[in-house]
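Trainee: Take this structure, written in structure tokens, and hold onto it; I'll ask about it next.
Each value in this text was obtained by applying a stated rule to the coordinates, not by laboratory testing. No experiment lies behind these values; they were computed from the predicted model shown. Here the Cβ is made from the backbone with ideal geometry for all residues, glycine too, and neighbour counts use every protein chain on show.
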Amino acid sequence: MHNDQLTPGIEAGRLSADQIAENFADLHPPLNDHEALVAADRCYFCYDAPCTLACPTSIDVPLFVRQIATGTPEAAARTIFDQNILGGMCARVCPTETLCEEACVRETAEGEPVQIARLQRYATDRLMDAQPYTRAAETGRKVAVVGAGPAGLACAHRLAMKGHDVVVYDAKPKGGGLNEYGIAAYKAPDDFAQAELDWLLKIGGIRVEYGRKLGDDLTLASLQKGFDVVFLGMGLAGVNKLALDGAHPGVENAVDWIARMRQSPDKTDVPVGRNVVVIGGGMTAVDAAVQSKLLGAETVTMAYRRDRAAMAASEYEQDLAASKGVHILYNAAPKALGAGAITLARTKTSNGALVETGEEIELAADQVLLAVGQTLAGAPEILALDGGKIAVTGPGRTSVAGIWAGGDCASGGEDLTVTAVAEGRDAAEDIHAHLMGEA
Ligand SMILES: Cc1cc2nc3c(=O)[nH]c(=O)nc-3n(C[C@H](O)[C@H](O)[C@H](O)COP(=O)(O)OP(=O)(O)OC[C@H]3O[C@@H](n4cnc5c(N)ncnc54)[C@H](O)[C@@H]3O)c2cc1C
Ligand code: SF4
């Protein structure tokens, strides 16, 4: 049977394969040589550059942009990778509108920043064939890394560079963490997460074991016994629950739905509702909503219980969602589920508290995707927690000697790819100093 946007229920194949391929094409296609030179020429090469200060991995942005401007993009790539070994992925996924490009003086003066991320991609793409780093002499020290996401991979690569042996354990069948299972498909097309992972591992000294979950047959005690140090980069594998009256067969967690969608090579087999309602106001909600629309849902509504200013998704992301045809409903809290519908209560802020106004809206909903936050799951009980995450001080030291943590699972820092990379890298430097008896 042929499906289209009006087919009732939750169905795959609402759009043709060609239309889906077009919808999921690169959000920001790569710059060509001429475009890169023109973009690089706009940089003022500021002293004490605000873009570098705003980058969680402190990439020397003016230096790499100058290296592009002077025709040495490979040197620019080295400048980037020295600070951020996942500089290729970060160039594609960083919310630069709240990081380096927001801080750019040309953004302040003209409302148009230097295109730092696209220049970063231009440079890093030129060094993706061969791994540019080699290992130091072997130290004989062994480190276990739990999680092959951005934090774990950045930590493993830096430790391997220093000459330590690293074994990475990941619960999933593939590495990359949310780069592989979470990031919107149109931000990192062409299987870039796996290509980057393969490239990173070419340094040697890192063995990855997939399908190994800490908490199952793999215990912290066994890792402590078998390795000099353990680094935990296990992200946030749990999700918040949302208690709603009624029942609805099409309710699913947005992170799970996105993960399944990401694993489909051409996306023509991914079922999506005719009418989709996404609950939440963060990056995950935007990604679920936009990708539902790109798969051919007739209507997609994002319902967020607070107002626009309180939304975690940036203005850029909200505009992106609107440009793809997603309707964003502010001050609308989910209340009850029914057959093919959801009831939302209108809200307002009164004396600092969120209250219901008494007005309700009912929306047709074949599919309801919940994007109401992720939580730490499976962290070893002996570790102290802080705000629901593993408590760390300085560069990732946990409450237990010999165990470091970084990325989304650890306290402090925003839940972003680039922050996870910075924390994994910094923990590796601290672990190295510890292993060599310097700290
Ligand atoms: C839908 C979505 C979209 C996002 N989009 C963006 C974006 O556009 N830009 C951006 O900067 N950030 C984005 N983020 C956030 C970003 O993906 C994360 O901040 C980043 O991936 C965190 O890296 P991490 O290494 O700490 O954790 P993760 O990427 O979550 O990796 C953790 C790894 O640990 C493994 N693991 C978990 N538990 C265990 C266990 N018990 N044993 C063994 N292995 C385990 C997991 O399988 C996973 O591979 C997004 C997040 C989501 C959910
Ligand atoms: S890593 Fe991200 S924040 Fe840092 S300079 Fe590159 S694009 Fe900007």
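Trainee: So what is the 222 nm mean residue ellipticity for the chain from helices alone, if each DSSP H run of at least 4 adds -39500 (n - 2.57) and you divide by all residues, rounding to the nearest 500 deg cm²/dmol?
Mentor: -9500 deg cm²/dmol
Trainee: Right, next: Counting only Cα atoms, I'd like the Rg/Rh figure for segment 125-215, Kirkwood definition for Rh. Write down the numbers at each step before the final one.
Mentor: Details: Rg = 13.3 Å, Rh = 13.5 Å.
Rg/Rh: 0.98.
Trainee: Follow-up. What is the dipole size for the chain, taken about its Cα centre, with +1 at each Lys and Arg Cβ and -1 at each Asp and Glu Cβ, in debye to the nearest 20?
Mentor: Numbers: 38 positive and 58 negative charges, 161 e Å.
My answer is approximately 780 debye.
Trainee: Here is a follow-up. Step by step: find N for segment 1-83, compute 2.2 N^0.38 Å, then divide the Cα radius of gyration by it. What's the final number?
Mentor: That ratio works out to 1.77.
Trainee: I need Thr219, Thr139 ordered by Cβ neighbour count within 10 Å, fewest first. Let's see the in-between values first.
Mentor: On the way: Thr219 12, Thr139 16.
Lowest to highest Cβ neighbour count: Thr219, Thr139.
Trainee: So, with +1 on the Cβ of K and R and -1 on the Cβ of D and E, and no other charges, what is the size of the charge dipole of segment 33-125 about its Cα centre, to the nearest 20 debye?
Mentor: Values: 7 positive and 14 negative charges, 39 e Å.
That gives segment 33-125 a dipole magnitude of about 180 debye.
Trainee: Please list, by residue number, every one of the GluC sites (Glu not before Pro) in segment 356-405 that is coil in DSSP and has at most 15 other beta-carbon atoms within 10 Å. Each step should come with its number before you reach the end.
Mentor: Values: sites: Glu356, Glu359, Glu360, Glu362, Glu381; in loops: Glu381.
Passing both the DSSP loop test and the Cβ count: Glu381.
Trainee: Output wanted: per-residue J couplings in Hz (rounded whole) for segment 240-253, from phi through Karplus 6.51 cos²θ - 1.76 cosθ + 1.60, θ = phi - 60°, x for Gly and Pro.
Mentor: Ordered by residue, 3J(HN,Hα) equals 5, 9, 10, 8, 10, 5, x, 9, 7, x, x, 8, 8, 5 Hz.
Trainee: Cα extents of the chain along the three principal axes, largest first, in whole Å?
Mentor: For the chain, the Cα extents along the three principal axes come out at 65, 55, 54 Å.
Trainee: May I ask you to give the average projected area over all directions of the convex hull of the Cα atoms of segment 230-278, in nm² rounded to one decimal?
Mentor: On the way: hull surface 22.3 nm².
That works out to 5.6 nm².
Trainee: Continuing with this model, one more query. With only Lys, Arg, Asp and Glu charged, each at its Cβ (+1 for the first two, -1 for the last two), find how big the charge dipole of segment 158-239 is about the Cα centre; round to the nearest 20 debye.
Mentor: Details: 10 positive and 11 negative charges, 38 e Å.
That gives segment 158-239 a dipole magnitude of about 180 debye.
Trainee: Given 25 °C and 0.890 mPa s, how large is the Stokes-Einstein diffusion coefficient of segment 239-373 in µm²/s, with Rh as the Kirkwood radius over Cα pairs?
Mentor: On the way: Rh = 14.9 Å.
In µm²/s, the coefficient is 165.
Trainee: For the chain, give me the percentage of DSSP beta bridges that are antiparallel, rounded to the nearest 5 percent. Show your work: numbers first, answer last.
Mentor: Details: 23 of 58 bridges.
Looking only at bridges with both residues in the chain, the antiparallel portion is about 40 percent.
Trainee: Only helices at least 24 Å long along their own axis, judged from Cα atoms, and with Kyte-Doolittle mean hydropathy of -1.0 or greater: name those in the chain from DSSP H.
Mentor: Values: long enough: 417-435 (27 Å, -0.05).
What comes out of the filter, once short or polar helices are dropped, is 417-435.
Trainee: Tell me, what is the percent relative contact order of segment 239-373, built from C-alpha pairs under 8 Å that lie six or more residues apart? List each step's numbers first, then the result.
Mentor: Working: 288 pairs, mean separation 44.3, N = 135.
With pairs under 8 Å counted, the relative contact order is 33 percent.
Trainee: Explain nothing, just compute: Karplus ³J(HN,Hα) = 6.51 cos²θ - 1.76 cosθ + 1.60, θ = phi - 60°, for every residue of segment 86-100 in order, whole Hz, x for Gly and Pro.
Mentor: 9, x, x, 5, 4, 4, 8, 10, 4, x, 4, 5, 10, 10, 4
Trainee: If you build the convex hull over the alpha carbons only and average its shadow over all orientations, what do you get for segment 206-316? Give it in nm² to one decimal.
Mentor: Details: hull surface 44.7 nm².
That works out to 11.2 nm².
Trainee: Can you divide the C-alpha Rg of segment 33-125 by 2.2 N^0.38 Å and report the result to two decimal places? Intermediate results must be reported in sequence, preceding the final value.
Mentor: Numbers: Rg = 11.5 Å, N = 93, 2.2 N^0.38 = 12.3 Å.
Dividing the Cα radius of gyration by 2.2 N^0.38 Å gives 0.93.
Trainee: Enumerate by residue number the GluC sites (Glu not before Pro) in segment 130-199 meeting two conditions: DSSP loop (anything except H, G, I, E, B), and at most 16 other Cβ atoms within 10 Å of the site's Cβ. Numbers along the way, then the final one.
Mentor: Values: sites: Glu138, Glu180, Glu196; in loops: Glu138.
Sites meeting the loop and neighbour criteria: Glu138.
Trainee: Determine Rg/Rh for segment 266-311; Rg is computed over alpha-carbon atoms and Rh is the Kirkwood hydrodynamic estimate from the same atoms. Mind showing how you got there, number by number?
Mentor: On the way: Rg = 11.4 Å, Rh = 11.1 Å.
Radius of gyration over Kirkwood radius for segment 266-311 works out to 1.03.
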